[in-house]
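Working notes, beginning with the structure itself.
Here, each number is a calculation from the coordinates, and none is a lab measurement. Only a predicted model underlies this, so the values are computations on that prediction, with no experimental measurement involved. FYI the Cβ positions are ideal-geometry reconstructions off the backbone, even for glycines, and counts take in every protein chain you see.
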């Protein structure tokens, strides 16, 4: 999974991976869609992105993990729940040898939806 072809859609991106990884990404995509039904799908920075007035969350598949990118605020707000995972300023790595915490992802996405909408109201 080191080489990733340029995808124009999330479907194209996901289809470039082995079936087991595709299933994980499709479930992650469905989880995000459920939490943010009004968000639009896009490819930004070469990875799947959900946009709601501005970037909401991104995700990507790697050799040993799924990267989830809910902006720094999403990581900070769920710091305790994400403690068992490797995190950085705006990202978390979910190891492929563990079940992804889909319910937690859903909560993070809902948090980000509220944050994006609140940001619009401030303008």
Taking the 0 to 90 degree range and rounding to the nearest ten, how far is the long axis of helix 102-122 tilted relative to the main principal axis of the chain, both from C-alpha atoms? 40 degrees
For the chain, set up a GNM with springs between Cα atoms under 10 Å and report which of 61, 30, 83 has the largest fluctuation. 83
From the coordinates shown, volume of the Cα convex hull per residue in Å³ corresponds to which of [x] 219; [y] 86; [z] 101: [z]
Relative contact order in percent for the range 10-122 (Cα pairs under 8 Å, 6+ apart) equals 24 percent
Of the convex hull enclosing the alpha-carbon atoms of the range 1-70, the direction-averaged projected area in nm² is 4.3 nm²
Taking neighbour Cβ counts within 10 Å as the exposure measure, how do 96, 52, 120 sort from fewest upward? 120, 96, 52
Over the range 55-120, how many percent of alpha carbon pairs lie in each 5 Å bin up to the one with the longest distance? 4, 17, 32, 26, 14, 5, 2, 0
Distance between modelled label sites at residue 107 and residue 21, nm, 7 Å Cα→Cβ extension: 2.9 nm
Listing 6, 27 from the residue with the fewest other Cβ atoms within 10 Å to the one with the most, what is the order? 6, 27
